[in-house]
Each structure stands twice: as structure tokens, then as C-alpha cells.
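One structure is given here, and the rest of the page talks about it.
The values are calculated or read from the model by the stated rules, or taken from the named source; none is laboratory data. Just so it is clear, the model here is predicted, and its values are computed rather than measured. Note: areas computed on protein heavy atoms with side chains; ligands, DNA, RNA excluded. Shrake-Rupley method; radii C 1.70, N 1.55, O 1.52, S 1.80 Å.
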Amino acid sequence: MYANTSSRLVLGLLSRQTTAGGRSASSGTAVCKQRALWLRERACLETPRRVVTCHSRARSASQPTVDPDEVRRFQSLAGKWWDERGEFAALHAMNDLRVPFIRDNLLNVHVARHPGKPLGGLRVLDVGCGGGLLTEPLGRLGAKVLGIDPVGDSIGTAQLHSSRDPDLRNRVCYRACTLEELSAEREGGEEEEEEGAGQYDAIVASEVVEHLADLETFAFCCNHVLKPGGSLFITTINKSNLSYALGIVVAEQLLRIVPSGTHDWEKFISPVELERLLESNGFSVQSVRGMLYNPASGAWSWTNSTAINYALHAVKVRDAEESASHPEGRS
């Protein structure tokens, strides 16, 4: 009964959204490009408490992305990742949207050269991978995927589950670490050649940024470990009155779709704010799409509204000298 009532509530509220409730990727990009220079100039004047991009080549991330409270929360859930009817059921269902979203956007950039494995030859970093719910399907598409997560028990769950599939043996691996630790390794000369700065064709951070302590550090580190022209994929929750009502009150307190306390509305970020952050850290946002979860059917669908959930695809902008050195463009 609650599920059916909530479904009608979701659809009813969305139907009343004005055009201001959503936004197009093109209009947001125009606004961000106009403000990008101002943001960079302002960043140079800010105190060191936030990571800025004025001299990104000469500095490392100075603030941790991980919130200790979030780590403790997910530590208690580490053994439940692969229960498709449990606390992470909505994330299992989200693969029906996010896997094709990642695959199709990567294929727009990289020509598929491996029959049956469209992402063959690509290196993907799954940030905040949890138990590997998204890592594994990307590996099955042929990508070589590294999943990282600060919760060691979640990494253990991911390793155990992937070990049962021989097809993933040489495609998927996991590490218990943070994004900033991985980013800093190359500068410190601590890691093997295949890891660290500028080594990944794509980064995936799905349902992650709303749990982070510092988004500036996150954006900087993503830029640092991506190859020029590499893709960044994010799914997250908008910071709106509707997202509070449905994402926290309904999803957590009424329907218990996710455990109570999973989300902090203050950490949510709107598509406009996220695009501005990424543009000021060397990315160009290519698309933003709204997502809608139906608690009655347990299924996700694309929607024109970004008022609740949304998916974003951005590309690391090539430096002028890199573009000149590689006039043939991306492979």
C-alpha cells in the first residue's frame, strides 16, 4: 500500500514541477562557461581549506573526501551488498540505466574493437564501488576495472563475489583506499606504472558524491587520474525540496527503501552546482539526464526532470599543448 501511494506521490509531484525544477544540459553549460573564469579567479583568493585549481599541476589534494561517519555507516552494511531484495535493491535495479548510460557514452568516444566486449581495451576506475555492483557489469563488457572504496569489509565482499566468476578474473580488481590516496601515489612514486595520474579512460562515481566530505578534492583528483579526453560519470541526488520529501522522508522514513540516515540533504548537490564545480576543475559537461525510481515496480526510468535523481557525463578537457601533440583526437 505504501509503495503504491508513494508511486502516485512521485508522479504527481513531478507533474507539477515547473521548468525551473529541471534543467537542460545545454543551458547549464552556457551558464557555467560564463562563470568559469570568475570561479577560477575567486579560487585563487580563497584560503587553503578548500582545494582549488589555479595551479593544479603543482599541488596535491589537501582535503580528505571521506566522511568518517559515512564510513562507519557503510561498514555496518558491508555484508549486504549482493542481497537484491535488501538495503541495496534500488542500486541493483539502477544498473538497468547506469550501465547502458556509461557504455553508450564511451562508445561515442572509443570505437569498439572487441566483438562481444564493447569496452575492451578501456581502463575504468569505479570510485566508491562498495560491493562491486557496478564494477562487475563493466568488467563483463570488457573493460579493465579497478574498484576502490574506503570500507575494507565492502572490498572484501566485492572480492569474494567477483572470484566466483572466472570471466572477471583478469578484468576486475579492488583496493581499499580513497580517491585522493590513489591520486597521490603517482606523485610519490609509490605505485606501479599502470596506476595513478592520467591512467584511466573513465571514472564512475555512482551514488557517491552525496556521501563525500569535500567535492573540490573529489573533482581535482578525478581530473588528475583521468587521461586527457577521459570521461567522468556521476549519478547522484539533486538538492531540492522534492528530493528531501521523496529521497529522505519517503524513501528512508516511510518505505524504508534505504536505511534511515543513509542520506544527508545538506550534502546533496544540484546539477547546476555540480556542473559549475566540474567546469572549474577542467571538465566539460556533455549531458545531464533525470532519473526516476518507482518503488511499486522497483524499476528506474529516464525522465525529463532532474528534480530528484540525475546522471551526468563530463569529459576532461584536453590541454592546448596535448591537443596540438595529438591532432588525430581520441581513439
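Residues whose amide H lies under 5 Å from that of Y174, counting only those 5 or more places away or on a different chain, are G147; hydrogens are built 1.01 Å from N in the peptide plane. Over the stretch 212-299, the reciprocal of the mean inverse Cα-Cα separation, the Kirkwood hydrodynamic radius, stands at 14.7 Å. At q = 0.23, 0.33 Å⁻¹, work out log10 I(q)/I(0) for the stretch 194-233 with the Debye formula, treating every Cα as an identical point scatterer and leaving solvent out; two decimals please. Relative scattering, expressed as log10 I(q)/I(0), comes to -0.74, -1.13. Sequentially through the stretch 165-182, phi angles give Karplus couplings (6.51, -1.76, 1.60; θ = phi - 60°) of 10, x, 5, 9, 4, 9, 10, 10, 9, 9, 9, 8, 7, 9, 4, 5, 5, 5 Hz, Gly and Pro residues having no value and appearing as x. Over the stretch 116-185, accessible surface divided per residue gives 34 Å², non-protein components excluded, 1.4 Å probe.
Per-residue 3J(HN,Hα) values for the stretch 126-143, derived from phi via the Karplus relation 6.51 cos²θ - 1.76 cosθ + 1.60 with θ = phi - 60°, read 9, 8, x, 6, x, x, x, 4, 9, 4, 5, x, 5, x, 5, 7, x, 6 Hz in sequence order (x marks Gly and Pro). Between V315 and L232, S284, V285, Q286, the built amide H atoms are under 5 Å apart, and every one of these is 5 or more places off in sequence or on another chain.
Can you work out D for the stretch 65-191 in µm² s⁻¹ from Stokes-Einstein, where Rh is the Kirkwood radius over C-alpha pairs, the temperature is 37 °C and the viscosity is 0.692 mPa s? Once the numbers are plugged in, D ends up at 214 µm²/s.
For a straight C-alpha distance cut-off of 17 angstrom, the lysines reachable from K117 (same-chain residues fewer than eight places away being disregarded) are K144. Sorting K227, K267 on solvent-accessible area from highest to lowest, probe radius 1.4 Å, gives K227, K267. Length available on full extension from S297 to D69: 0.36 nm per residue minus the Cα-Cα distance, which gives 78.9 nm. Measuring against 19 Å, Cα to Cα, the residue pairs K227/K316; K80/K267; K80/K239 contain K80/K267; K80/K239 as the ones spanning a longer distance.
In the assembled protein chains, F233 presents an accessible area of approximately 10 Å² (probe radius 1.4 Å). By accessible area, using a 1.4 Å probe on protein heavy atoms only, the stretch 264-313 has 45% of its surface on carbon and sulfur. State whether the stretch 57-138 is rounded, prolate or oblate according to the following rule on the C-alpha gyration tensor (a ≥ b ≥ c being the square roots of its eigenvalues): a/c under 1.5 gives rounded; otherwise a/b larger than b/c gives prolate, and the remaining case gives oblate. In terms of gyration-tensor shape, oblate. Once all protein chains are placed together, W82 keeps about 70 Å² accessible to a 1.4 angstrom probe. Amide H to amide H distances under 5 Å link K239 with I269, S270, where only residues 5 or more positions off or on other chains count and H is placed in the peptide plane.
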